[in-house]
Structures are given as structure tokens and as C-alpha cells.
1. Could you figure out which of (1) in contact with a Leu (Cβ under 7 Å, 6 or more places away or on another chain); (2) surrounded by fewer than 19 Cβ atoms within 10 Å (Cβ to Cβ) isn't true of LYS6?
2. Would you call SER136 within 17 Å of PHE168 (Cβ to Cβ), among the polar types (S, T, N, Q) and either surrounded by 21 or more Cβ atoms within 10 Å (Cβ to Cβ) or at pLDDT below 95 (or both)?
3. Does any residue of the stretch 51-62 turn out to be at pLDDT 95 or above and of a type outside the set (A, V, I, L, M)?
4. Select from the stretch 61-77 the residues that are closer than 23 Å to LEU155 by Cα and either polar (S, T, N, Q) or surrounded by fewer than 18 Cβ atoms within 10 Å (Cβ to Cβ) (or both) and list them in ascending order.
5. Do we have any residue at all in the stretch 105-115 that's within 21 Å of ALA166 (Cβ to Cβ), surrounded by 19 or more Cβ atoms within 10 Å (Cβ to Cβ), in contact with a strand residue (DSSP E or B) (Cβ under 7 Å, 6 or more places away or on another chain) and of a type in the set (Val, Ile, Thr)?
6. For the stretch 65-80, check the following and say yes or no: at least one residue is closer than 13 Å to VAL135 by Cα and free of Cβ contacts under 8 Å to residues at least 60 places away in the same chain.
7. If PRO12 passes every condition in (1) touching a strand residue (DSSP E or B) at 6+ places or on another chain (Cβ under 9 Å); (2) assigned to a helix (DSSP H, G or I) but one, which one does it miss?
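The values are calculated or read from the model by the stated rules, or taken from the named source; none is laboratory data. Because the structure is a prediction, the values reported are computed rather than measured. All Cβ positions, even for glycine, are placed from backbone atoms using ideal geometry, and neighbour counts span all protein chains on display.
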Amino acid sequence: MRIDRKLNFVIPVETGDGTEVYVHATPIGAEVFRRYHLVIAKTFAMIHQEGLGAIAAPRVAAEMLREVARSMDETGARLADVEQGLLAEVSRLSNVLRPGPSGWEMVPLSEAIKDGTISPEDANEVENALAFFTVSSAMHRRAVLEPVLRGAAMLWGGRVESLSCAEFSRSLPTLTATERSGATAPTSSVPS
């Protein structure tokens, strides 16, 4: 089986006020993989060596990336590079869809964390799940990637999507007036 479509990862997050928002992440590009291939590969190996797989690894993958980076360079330079380079790129490739005044609005993950849409506890869970998605997307053969990601997504209530963030936003249910404090629903939304 050959998977030709781009697989993205969507994680629902319930906010403090009970609103559900969605984190939509795309995989890292080839250039970023080339730069971080060794730390990604060692993290992938560590996940499987420790027997974590799709069940436990999404909860600790970012911490494992950091642990591997620390073990590769005791000066802390590799860890700083992984945090400021790889993990920052993973965050940059992730957007949050949340209810806004005129329907679903898309904001960068970092903005949703900064403005409190996503709590620090939820941000930690999201970061680890996205690190798992990144490592898995980079290391698994394409033929087995989708089942691995679907298994992890099922445990997190998320899903694997071929839709871009904008396309996924259009697939979400139209927000009702009570969900948006009286604003009218956008006409371009398609119910799911």
C-alpha cells in the first residue's frame, strides 16, 4: 500500500470554559528533517526500545526528544538547538482553530498558548503529542504511518487528516449563536 497524501494530525482540546478547539499540525519538511535526523532517529529508537509505542509515547515524546538531545551534547547546545529549532518548527507548523466572532478562526499554536486559549497543562500534552507525530511522520515507512498515527489519534480523541488547516476549518460544524455570543454563522462552513 502506498500513501500519497500528506497526513496531518488534529488534536481536540477542551478549554477551561468547556469550548472545544482543535490543534492542526502538519509534518516537518525535508530540510528540517535533514538538520535534525539524528536526534529524531534516536528518539524514535528510544520510544521503541522502551516499549512505549503509540500508547504511551504521545504523552512523553517531547521530553524524550529533549533527553536524547541532552545525551548527545553535555554542553546544552544540542538541547537549545532542538528547542529553538525543531520544537519551534513543530509549533510553527501547528495552528489552533477556535470559535471567533465570525466563525472558526485560525491562530498559531504559540498565540493560543500565550493568550490562554490552551492552558499550560494542555499545552504540555499537545507538545508531547505533536513531538510523537513529528518523530513518527519522519521515521515510519509511509505504508505503516497512517495506522500508527490513527492508533495514537484514537487514544487522544484526535484524528489523522489529509485536509489543510483551512480545509479542516471548513469541514467543522457551523457555530451556533450561543456558541459565539450572538454573531451570525458564516455561510462558507460545511457541516460535518
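1. (1)
2. Against the criterion (within 17 Å of PHE168 (Cβ to Cβ), among the polar types (S, T, N, Q) and either surrounded by 21 or more Cβ atoms within 10 Å (Cβ to Cβ) or at pLDDT below 95 (or both)), SER136 does not qualify.
3. no
4. Within the stretch 61-77, GLU63 is the sole residue that qualifies.
5. No: zero hits.
6. Taking every residue of the stretch 65-80 in turn, at least one turns out to be closer than 13 Å to VAL135 by Cα and free of Cβ contacts under 8 Å to residues at least 60 places away in the same chain.
7. Status for PRO12: all satisfied but (2).
Residue-wise test of (1) out of contact with any helix residue (DSSP H, G or I) (no Cβ under 9 Å at 6 or more places or on another chain); (2) within 26 Å of LYS42 (Cα to Cα); (3) at pLDDT 85 or above.
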| site | (1), (2), (3) |
| --- | --- |
| PHE132 | no, yes, yes |
| ARG142 | yes, yes, no |
| ALA152 | no, yes, no |
| SER162 | yes, no, yes |
| ALA166 | yes, no, yes |
| SER169 | yes, no, yes |
| LEU175 | yes, no, no |
| ARG180 | yes, no, no |
